[in-house]
Amino acid sequence: MTTSSPGVVETDLGRKRRARRIGRALTEAHPDAHCELDHSTALELAVATILSAQCTDKKVNEVTPKLFARYPGAADYAGADRGEMEELIRPTGFYRNKTTSLIRLGQALVERYDGQVPARLADLVTLPGMGRKTANVILGNAFGVPGITVDTHFQRLTHRWRLTTESDPVKIEHAIGALFEKRDWTMLSHRVIFHGRRVCHARKPACGACPLAKLCPSYGAGPTEAAMAAKLLKGPRARDLAVAAGVDPDLVPAQAVAAEAP
C-alpha cells in the first residue's frame, strides 16, 4: 500500500487503477508523443541517444545530419578520426567523452555483432556508452520491443503521481512496468516525457492547466490559478493542452506556443 494523498491510504489495486487512468489521460493529452531524437536506423538512434546526455534533443538533431552522413556505418565510427568527430559533436557538450563512446561503440559493434546494433537488452547494455535507459530507447523505437525509459522527466513525474517511491532507475522501471500492459511501455514513456517537458516542469509545474490534475496527488506543487498556469505550458500544442484541462486557450501566450520543450 502507498499514500496517494495526505491521510489517504491507497491499495495496490487502487494505485494500478489510477495509473491506468493516468495512462489514458496522457494518451488523450499527447497524441503526438514520439521519440524526439531524429533517426532512421538503430545505429543512428544509438548515436543520437549517447549524444543526448546533458544536451537537448533539439541540439542533438541539429548536429546529427552531418554526423550521420559522415559516419553511415559502425565501421565508420570505429575508424573515425577523433579530432574530426569532436568538432562535429562539440555543440552537444562533453564532446571528448562522447567521441570516445562513439568510437568504442563502433569498434564493439564491428567486433562482436558484424556491425549491427543488437536487438536484445542483455547485449545492448554491454556496449560502450549504453546504459539500460539508452537500451530501452533503442529497443522500443528501433526494434518495436516494449521498454520503459526512465529519464529525469519520467522519474520526477512518477514520483509526483506517487506511483512509486523507488529512486533507483531500474527499480522505477520495474515498479511502473507492473502497473501497465507491456505493449504500452514504449508509448507510455514518450507520453510521460512529453508531459514533463510541456506541462509538469521540474521547478514550476502548470498544475492549474494540467489535464491530469484530478489524478495527481501533488496538485498544487505549481500555480493552480488558470491564468498563471496557462503561461507555463510549452510547445505547439500548448493551447490544445489548455483545452484538455478545461482552461481557456486564449490564456496561453504566443511565446508559450512557440517555446521549445526542454
Residues (aliphatic (A, V, I, L, M), crowded, with 19+ Cβ neighbours inside 10 Å and outside any helix (DSSP H, G or I)) located in the range 118-174: L127, M130, I148, V150, L163
- line: When the range 133-150 is checked residue by residue, the ones that are in contact with a helix residue (DSSP H, G or I) (Cβ under 6 Å, 6 or more places away or on another chain) and either of a type in the set (D, E, K, R) or within 26 Å of R203 (Cα to Cα) (or both) are T134, V137, I148, T149, V150
query: Which residue pairs have Cβ atoms closer than 6 Å, lie 6 or more positions apart in sequence or on different chains, and pair a first residue in the range 31-51 that is hydrophobic (A, V, I, L, M, F, W, C) with a second residue that is open to solvent by 60 Å² or more (accessible area, probe 1.4 Å)?
result: L45/H39; A48/H39
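Of all the residues that make up the range 19-74, how many are part of a loop (DSSP other than H, G, I, E, B) and either buried (at least 20 other Cβ atoms within 10 Å of the Cβ) or not acidic (D, E) (or both)? Please lay out each step first, then the result.
Filtering the range 19-74 down to residues part of a loop (DSSP other than H, G, I, E, B) leaves 30-41, 52-56, 71-73.
Now narrow it down to the ones that are either buried (at least 20 other Cβ atoms within 10 Å of the Cβ) or not acidic (D, E) (or both): 30-31, 33-35, 37, 39-41, 52-56, 71-73.
Residues flagged as part of a loop (DSSP other than H, G, I, E, B) and either buried (at least 20 other Cβ atoms within 10 Å of the Cβ) or not acidic (D, E) (or both) within the range 19-74 amount to 17.
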statement: Subset of the range 96-144, residues under 24 Å from V63 (Cα atoms) and hydroxyl-bearing (S, T, Y), comes to T99, T100, S101, T134
Restricting the range 75-95 to residues that are outside any helix (DSSP H, G or I) and more than 16 Å from V63 (Cα to Cα), the residue that is least open to solvent (accessible area, probe 1.4 Å): A80
query: Pick from the range 2-18 the residues that are surrounded by 14 or more Cβ atoms within 10 Å (Cβ to Cβ) and modelled with pLDDT of 95 or more: which of them is farthest from G147 (Cα to Cα)?
result: G14
task: Please find, within the range 96-117, the residue that is surrounded by the most Cβ atoms within 10 Å (Cβ to Cβ) out of those that are touching a residue at least 40 places away in the same chain (Cβ under 8 Å) and assigned to a helix (DSSP H, G or I).
output: L102
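The values are calculated or read from the model by the stated rules, or taken from the named source; none is laboratory data. These numbers come from a predicted model, not from an experiment. When we count neighbours, we look across all protein chains shown, and the Cβ atoms used for this are built from the backbone with ideal geometry, even at glycine. Accessible surface areas use protein heavy atoms only, side chains included; no ligands, DNA or RNA. Shrake-Rupley method; radii C 1.70, N 1.55, O 1.52, S 1.80 Å.
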